[in-house]
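> One structure, pasted below without further comment.
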Amino acid sequence: MKKIFLLFVVLTLPSLLFAQKKQMAAARDQIKTGKDLHIAEQSMRGLLKDSANRDNIKIWLLLAQSLERQYAKANEKLYLKEKADTAAFFAVTKRLYETMSAFDSVEVRLSSSPDASLKYRERNAHFLHSIRPNLFNGGVFLMHKNDYAAAFTYFDTYIESNHYPLFAKQDYVKNDALMPHAAYWATYCGYKLEKPDLIMKHIRLAERDNSMLNFLRQYEAEAFLMRGDTLGYVEALQRGFEEYPNFAFFFPRLVEYYSQHNLYPEALVVCDKALAADSTSILFQQTKATVLLNLGRYDECIDLSKQILEVSPDNAYAYLNLGLAYFDQAIEFERSSQRRTKRKNITELYKAALPNLERYRELAPDAKDKWLAPLYTIYLNLNMGKEFDAIDKLKN
């Protein structure tokens, strides 16, 4: 049986070698004529899938040449402003980077010593360096097509090529001004894809692009949230807020987190820092009024809400905070041992709350969860039968 197997191998090997030589000869002709170059590329890739061929320099050369010729033809069409497949042009650029990097690794593996000069490295490195901008441009092109997954791979290749032995002399991180921009767009693509690992992969390099640092802080916080890392999320919000208190993302989410966990003193600190950055912001003022309300600092909440209404007379939340500041005080008296002695005060507080909560109802009719219960209580305590009957129907 063993002899039969050996005989089969001996008989089969020449035919396989003949078929391989025939494929390589066909690829040379296709490269020479510039026709069916994609067939030449796929043919050589097919040969390299066989482990016996993976270190065959001649096959690697033909593969690289088929790609270079494709690139040259596509580039010529674009230069002459002829009809061209722009996506295919960028795609062949990326395949060139991947192929020549792998080719270089094979050459290193076959070299006689680590210090031996490599026959094709310098030439390939020079060529890839010359077409390098097309990796960045390809990423931008695909990003504009909303193909964020593909766009990420272009920016990622652009950045990671800095580590290719081919480019040992270049030090792109130091010398290429586009590197931080590529890192930013890679981070942005990760954010659009909602993939935290992609968001975080190049974010430190992206931080060198100071013009977009506020958005990077947002993407970083989102990445922690996607991972379920609450501590990291809050720390990222705090860091972002400290650096960019006026940026729309950090303030509301930080206050929301503190409020959800009943950390109102911490929320108040955030509000005060925000107002120190912009004392005229209605958002910061009304948020602080809400926090003061939850802290039971009713007089301060009332004063601040009235200030807001002076400049923003139709501010629904200002009316809500103002009405609830009076209403909550009345409820506290109702629940205290001073209920009987404070009956007059309770009634006056309900009367003070009433117009503000009714105005809030007018401005936010769909927010029943906020105005229905307190108005129900007020109408009941002020013996407003008609109004009470109407809201009782809504309640039930």
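The values are calculated or read from the model by the stated rules, or taken from the named source; none is laboratory data. Values in this document were obtained by computation on a predicted structure and should not be read as measured data. Every residue, glycine among them, receives a Cβ derived from its backbone with ideal geometry; neighbour counts consider all protein chains shown. Ligands, DNA and RNA are stripped out before the accessible areas are found, and what is left, the full protein with its side chains, is counted by its heavy atoms. Shrake-Rupley method; radii C 1.70, N 1.55, O 1.52, S 1.80 Å.
> If a residue must be farther than 12 Å from Val92 by Cβ, part of a helix (DSSP H, G or I) and open to solvent by 70 Å² or more (accessible area, probe 1.4 Å), how many such residues does segment 52-76 contain?
4
> Oh, and also: So which residues in segment 26-57 are at pLDDT 90 or above, over 41 Å from the mean Cα position of the chain (by Cα) and of a type in the set (Gly, Ala, Ser)?
none
> Right, something else. Note down all Cβ pairs under 8 Å where the first residue falls in segment 380-396 and is over 16 Å from Ile346 (Cα atoms), the second is surrounded by 12 or more Cβ atoms within 10 Å (Cβ to Cβ) and among the charged types (D, E, K, R), and they're at least six residues apart or on different chains.
Leu394/Lys368
> Taking segment 199-227 only, how many residues are at pLDDT below 95 and assigned to a helix (DSSP H, G or I)?
Qualifying residue count for the region: 3.
> If you don't mind, another one. Being among the hydroxyl-bearing types (Ser, Thr, Tyr) and surrounded by fewer than 20 Cβ atoms within 10 Å (Cβ to Cβ) is the filter; apply it to segment 202-249 and report the residue that is farthest from Tyr172 (Cα to Cα).
Quick first cut of segment 202-249, residues among the hydroxyl-bearing types (Ser, Thr, Tyr) only: 211, 219, 230, 233, 244.
Subset that is surrounded by fewer than 20 Cβ atoms within 10 Å (Cβ to Cβ): 211, 230, 244.
On the way: Ser211: 20, Thr230: 35, Tyr244: 30 Å.
Result: Thr230.
> Go through segment 343-396 and tell me which helices (runs of 4 or more DSSP H), entirely inside it, have 1 or more residues that are of a type outside the set (Gly, Ala, Ser) and under 22 Å from Asp303 (Cα atoms).
Qualifying helices (runs of 4 or more DSSP H): 343-363, 368-381.
> Using the structure shown, decide if Ala183 is crowded, with 22+ Cβ neighbours inside 10 Å, over 29 Å from Ile159 (Cα atoms) and either out of contact with any Cys (no Cβ under 6 Å at 6 or more places or on another chain) or touching a residue at least 60 places away in the same chain (Cβ under 8 Å) (or both).
No, not satisfied.
> Right, another one. Go through segment 212-238 residue by residue and tally those that are within 16 Å of the chain's Cα centre (by Cα) and of a type in the set (S, T, N, Q).
The total comes to 2.
> Quick test for you: out of His144, His163, His126, pick the one residue that is within 18 Å of the chain's Cα centre (by Cα) and either open to solvent by 30 Å² or more (accessible area, probe 1.4 Å) or over 26 Å from Ile59 (Cβ atoms) (or both).
His144
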